[in-house]
Ligand SMILES: Cc1cc2nc3c(=O)[nH]c(=O)nc-3n(C[C@H](O)[C@H](O)[C@H](O)COP(=O)(O)OP(=O)(O)OC[C@H]3O[C@@H](n4cnc5c(N)ncnc54)[C@H](O)[C@@H]3O)c2cc1C
């Protein structure tokens, strides 16, 4: 066995915004930090984020009066009351600081232009006089599900600008990055994490990194939906998968999958919500603006789950534009004008031009809803520490922290990456500072041996078995057709059966290329079983949740059921166990009582107990499910009742 073993204080798996911001915090506290990444950090998926980052700065006229309370209300309503309200509170308070810090790191935020400005609001062009004294402050654009314009943006390249700035800090601090490296297994002794085994994608060699603290920041798992996602091909959910494989660390709310209304059809490249925020509208095949009828108040800017459902229904009603690739609707940006499109929405303009041959200043853009964001992930407490596993932390889209519940608001994810990076980074630094690296290296070598064994088994397998890419495509078809925007019991049962069969196929699959080193087919094969397991717990979780909440919509259970389902799904599944184990914990302490979101349906099954009764044993019950103690007492950051103050 090639037994490379290295040690560090803090291991961060993932070089996107969340991982890098977390690494900065730990390095600034004096720790030795190592980042592992599949790709050079600047190519992480955070770079693709376009539209904006939510922070209640209140700098322009349409943001006037904004504050953290309004941001909290929007976030909890957006989550359909699935969020942990204390985490939402912590997030909204820290977001303005994190956004200003990014300006300090060098992000070229789009700025307020004092004087007369022209905007498109609810289909009307309006002139608004921005205050001269606010000239040069960070500008906001409108986004779905928010009471005020709140999304801070850098044209339509917000993620690109943020990631480059944060990565420059990583370089400045001299943090070591090992890219083209795949973390394949956590090193742990059943209650304490000691790092991870990784595989070098250039050589195929495995090595172990032992660390006092380990952070999973590997992004989302959109690729379990195959081609039906806006996510990059590296978003395969391996951080969540290696946590699930421990059998101890639960994943939270895996059935909470976001579908974004406007992916370019048929390629599924995202057209940012910022375009609707800036005034673009949706049209059906008769060029009718159906969202005005469907949601008279918020129109195209209701939350993503609501808009996606209306779009899907419109197409089911035969009002989509038929094509050989299936129906689509139109996004109309023409009235925004070329000047706006080539500056504030420049990346949208270029995507339409380069990937569809269209000029959005003149042409309608074909769009369809598609998988976009993973609300589920590794369940963690408010410090970002994973349930049941000391020394393991999680941040960003890989986590279920859980400020998004069953629907994330646009712009809240980029903000989460840097806010969580700061908060979790501080907790990691504290943990590593108090820990020693007193690890039984036998645990690390055993994990490395298992990983090498898995690769060797794939290479040794011969015969007429199925190929891994066929299995991947079948998984994507199953997920999109049966675990999609509208879900139903019988279809979900079929999805679970099909995924179970694909898991069996995976055990028989055979590689075409037997090269042990840089072999993309082997690399993918090593992930495939993990992806199928994530897909399986997503489908099964959706089958078991017999209600509709946020992005999880059951046609056979169309109401949100706060009497029975005001909880978070947890799933554990050891690598060698046949079936996953599901359990449910309270969402957290409830401050804002469940009610109408202000868009979508107002029908629901009410809670049978009062919030006080619900809250009585919330933290004790979460602890029973594995929540570890936090640096500050549970509930200490709640600003109870603040939302009742006049705003
Ligand atoms: C097209 C698009 C546009 C978006 N626009 C917005 C927006 O405008 N506003 C907003 O708020 N949100 C937006 N989002 C969502 C947001 O961009 C992401 O949720 C966020 O950037 C995720 O950041 P992250 O750091 O958690 O993960 P990522 O940026 O995905 O980074 C994951 C990192 O983990 C590494 N990694 C993965 N697996 C492994 C492994 N096994 N071993 C080692 N390394 C690994 C990868 O190499 C990468 O460095 C958008 C998403 C998409 C898809």
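The values are calculated or read from the model by the stated rules, or taken from the named source; none is laboratory data. What you are looking at is a predicted structure, and each value in this text was computed from that prediction instead of being measured. All Cβ positions, glycine included, derive from the backbone under ideal geometry; neighbour counts span all protein chains shown.
When you look at residue 74, is it buried (at least 24 other Cβ atoms within 10 Å of the Cβ) and within 16 Å of the ligand (Cβ to nearest atom), yes or no?
yes
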Can you find, within the range 1-32, the residue that is farthest from residue 179 (Cα to Cα) among those that are within 16 Å of the ligand (Cβ to nearest atom) and part of a loop (DSSP other than H, G, I, E, B)? 16
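Per-residue answers, yes or no, for (1) within 16 Å of the ligand (Cβ to nearest atom); (2) without any contact (Cβ under 8 Å) to a residue 12 or more places away in the chain; (3) closer than 30 Å to residue 131 by Cα; (4) over 18 Å from the mean Cα position of the chain (by Cα):
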residue: 34; (1), (2), (3), (4): yes, no, no, yes
residue: 41; (1), (2), (3), (4): yes, no, no, no
residue: 52; (1), (2), (3), (4): yes, no, yes, no
residue: 66; (1), (2), (3), (4): no, no, yes, yes
When residue 207 is evaluated against the numbered criteria (1) within 12 Å of the ligand (Cβ to nearest atom); (2) surrounded by fewer than 24 Cβ atoms within 10 Å (Cβ to Cβ); (3) more than 22 Å from residue 17 (Cβ to Cβ), which criterion, by number, is the only one it fails? (1)
From the residues in the range 77-96 that are out of contact with any helix residue (DSSP H, G or I) (no Cβ under 8 Å at 6 or more places or on another chain) and closer than 20 Å to residue 422 by Cβ, which one is surrounded by the most Cβ atoms within 10 Å (Cβ to Cβ)? 84
Hey, any hits in the range 116-131 for a residue that's free of Cβ contacts under 8 Å to residues at least 24 places away in the same chain and within 28 Å of the chain's Cα centre (by Cα)? no
Report yes if some residue within the range 411-430 is under 30 Å from residue 524 (Cβ atoms) and not in a helix (DSSP H, G or I); otherwise report no. no
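Restricted to the range 143-173, and to residues that are more than 13 Å from the ligand (Cβ to nearest atom) and touching a residue at least 12 places away in the same chain (Cβ under 8 Å), which residue is farthest from residue 96 (Cα to Cα)?
So the residue we want is 173.
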Please go through the range 609-628 and give me each residue that is closer than 21 Å to residue 192 by Cα and surrounded by 13 or more Cβ atoms within 10 Å (Cβ to Cβ), ordered by number. 622, 623, 625, 626, 627, 628
Considering only the range 210-229, how many residues are more than 11 Å from the ligand (Cβ to nearest atom) and part of a strand (DSSP E or B)? 5
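What are the residues in the range 515-546 that are assigned to a loop (DSSP other than H, G, I, E, B) and buried (at least 21 other Cβ atoms within 10 Å of the Cβ), if any?
545
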Please give the number of the condition residue 618 fails out of (1) free of Cβ contacts under 8 Å to residues at least 60 places away in the same chain; (2) in contact with a strand residue (DSSP E or B) (Cβ under 6 Å, 6 or more places away or on another chain); (3) closer than 30 Å to residue 310 by Cβ. (3)
When residues of the range 192-203 are limited to those that are within 18 Å of residue 215 (Cβ to Cβ) and away from the ligand (no atom under 14 Å from the Cβ), the one surrounded by the fewest Cβ atoms within 10 Å (Cβ to Cβ): 192
Kindly indicate whether any position in the range 306-319 is part of a strand (DSSP E or B), more than 14 Å from residue 600 (Cβ to Cβ) and modelled with pLDDT of 95 or more. no
Condition set touching a strand residue (DSSP E or B) at 6+ places or on another chain (Cβ under 7 Å) and assigned to a loop (DSSP other than H, G, I, E, B), scope the range 390-408, selection farthest from the ligand (Cβ to nearest atom): answer is 391
Taking the range 145-160 only, how many residues are part of a loop (DSSP other than H, G, I, E, B) and farther than 13 Å from residue 346 by Cα? 6
From the set of residues in the range 174-185 that are more than 11 Å from the ligand (Cβ to nearest atom) and within 26 Å of residue 204 (Cβ to Cβ), which is surrounded by the most Cβ atoms within 10 Å (Cβ to Cβ)? 175
Which pairs turn up if I take residues in the range 182-204 that are without any contact (Cβ under 8 Å) to a residue 24 or more places away in the chain and look for partners that are within 9 Å of the ligand (Cβ to nearest atom) with beta carbon separation below 6 Å, at least 6 apart in sequence or on another chain? 200/181
Counted residues, the range 25-54 - those being touching a helix residue (DSSP H, G or I) at 6+ places or on another chain (Cβ under 7 Å) and surrounded by fewer than 24 Cβ atoms within 10 Å (Cβ to Cβ): 6
Consider residue 157 against the criteria (1) touching a strand residue (DSSP E or B) at 6+ places or on another chain (Cβ under 9 Å); (2) farther than 18 Å from residue 527 by Cβ; (3) surrounded by 16 or more Cβ atoms within 10 Å (Cβ to Cβ): it satisfies all of them except one. Which criterion is unmet? (1)
Across the range 325-354, the tally of residues that are under 16 Å from residue 261 (Cβ atoms), assigned to a helix (DSSP H, G or I) and touching a helix residue (DSSP H, G or I) at 6+ places or on another chain (Cβ under 6 Å) stands at 1
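Residues are listed down the side, and each one gets a yes or a no for (1) at positive phi; (2) in contact (Cβ under 8 Å) with a residue 24 or more places away in the chain; (3) away from the ligand (no atom under 16 Å from the Cβ); (4) touching a strand residue (DSSP E or B) at 6+ places or on another chain (Cβ under 7 Å):
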residue	(1), (2), (3), (4)
433	no, yes, yes, no
438	no, no, yes, no
452	no, yes, yes, yes
457	no, no, yes, no
